[in-house]
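Colleague: I have a structure here, written as structure tokens, and I will follow up with some questions on it.
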Amino acid sequence: MRRRERVMLLGGAGLVVAGVLAVALLTSQETGAPTDRPPELPSPPRVVATEVAPPRTAPVRPAAPRTPEATVVPPAPGDVPPEPEVEGAPPQPNDPIVEELPQTARWKLEKTEHVASLLGRDVARLEGEKQEARARGDTVRVEQVEALLQRHRVRLEELREEARSLTEAARNEPPEP
């Protein structure tokens, strides 16, 4: 027999033994059998070189569904619980859908300023992280953070420029009704 065939044969036999052990351990845990003594295993079947069986795996049992713990929120003043539906009665009407506000220059300016403030906080955090990495002597992390900082600073400058142009557009807009 060639070396490769021997390795394949031994590997297959090892997989079969591992599968049998796994099944034996799983069934002993499920049946409540004592685990302090090793399970009795039959001798592995003799494998002929012309017959190669696919490795067997233990069946996977789905985990029992977990019931999530209920979160109870006390009603706030002014809350009205919905009335239970009565059989044969028409369904309760839904609340009206509030229309989306128009995306005016003022609205865009507010959103742009908010994103810019979040990005500014991120830049400040990254600068602190860069200093910590430099103090630790972690040059790889310093380079990573520096690349992030460069990208963030470019995007922050773009947002500030966009906010400047939106400020002009918002001044020229008619007041909201």
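The values are calculated or read from the model by the stated rules, or taken from the named source; none is laboratory data. Please read these numbers as outputs of a predicted model, since none were measured by experiment. Don't worry about glycine lacking a Cβ; one is built from the backbone with ideal geometry, like all the others, and counts go over all protein chains shown. Only protein heavy atoms, including side chains, enter the accessible area calculation; ligands, DNA and RNA are left aside. Shrake-Rupley method; radii C 1.70, N 1.55, O 1.52, S 1.80 Å.
Colleague: List pairs: first residue in the range 110-127 and among the hydrophobic types (A, V, I, L, M, F, W, C), second residue open to solvent by 70 Å² or more (accessible area, probe 1.4 Å) anywhere in the structure, Cβ distance under 7 angstrom, at least six positions apart or on different chains.
Modeller: Close Cβ pairs (under 7 Å, with a partner that is open to solvent by 70 Å² or more (accessible area, probe 1.4 Å)) amount to Ala116/Arg160; Leu119/Arg155; Val123/Arg153.
Colleague: Out of curiosity, is Glu173 open to solvent by 70 Å² or more (accessible area, probe 1.4 Å) and farther than 30 Å from Val23 by Cα?
Modeller: Taking the combined requirement at face value, the residue does not satisfy it.
Colleague: Filter the range 143-177 for residues that are touching a residue at least 40 places away in the same chain (Cβ under 8 Å) and under 28 Å from Glu127 (Cα atoms) and give the result.
Modeller: Leu156, Leu159, Arg160, Glu162, Ala163
Colleague: Now for a different question. Just the residues that are open to solvent by less than 100 Å² (accessible area, probe 1.4 Å) and aliphatic (A, V, I, L, M), please, taken from the range 87-134.
Modeller: Ala89, Ala105, Leu109, Val115, Ala116, Leu118, Leu119, Val123, Ala124, Leu126, Ala133
Colleague: Okay, moving on. Pick from Ala105, Ala124, Ala116, Ala147: which is over 32 Å from the mean Cα position of the chain (by Cα) and aliphatic (A, V, I, L, M)?
Modeller: From the options Ala105, Ala124, Ala116, Ala147, the qualifying one is Ala105.
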